[in-house]
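J.: One structure, pasted below without further comment.
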């Protein structure tokens with residue numbers, strides 16, 4: 001069985017880019033390498049599913065995914081354009097997602113430890 005490499009926060013920090021508006025983003029092709037996708041076609045399908053999921057959840061995909069291209073050199077020294085998605089990181093707040101803030105939730109009568117203790121007895 002193929003083992004995935006262990007990654008940490010620095011793995012993603014190393015390929016992070018920052019645009020002129022101080023927003024963080026990552027190029028999908030670089031993320032694909034880290035996530036060990038062996039072909040762009042397979043990874044491109046995953047990106048398309050992520051875009052659809054983003055839109056299905058009521059978000060605007062353009063806020064998170066931007067299609068960009070860049071020129072790469074081919075084997076004979078020529079250049080060709082390749083598709084690269086830029087994936088932005090925009091953390092949604094609990095309120096934006098429609099949830100209650102933790103400080104607004106009621107305090108339970110018993111703690112988890114108390115409930116677990118009662119189950120054991």
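J.: Between residue 15 and residue 55, take the C-beta separation as r, use R0 = 35 Å, and let me know the FRET efficiency to the nearest 0.05.
T.: 0.85
J.: I've got another one for you. How big is the shadow of the Cα convex hull of the range 9-93, averaged over all directions, in nm²?
T.: For the range 9-93, averaging the hull's shadow over all directions gives 7.0 nm².
J.: R0 = 22 Å: FRET efficiency of residue 78 with residue 45, Cβ-based, nearest 0.05?
T.: My answer for the efficiency is 0.20.
Computed from the coordinates by the stated procedures, all read-outs in this text should not be read as laboratory data. Computed from a prediction, not measured in an experiment: that's the story for all the values here. Cβ sites come from the backbone with ideal geometry, for glycine too, and all protein chains shown count toward neighbours.
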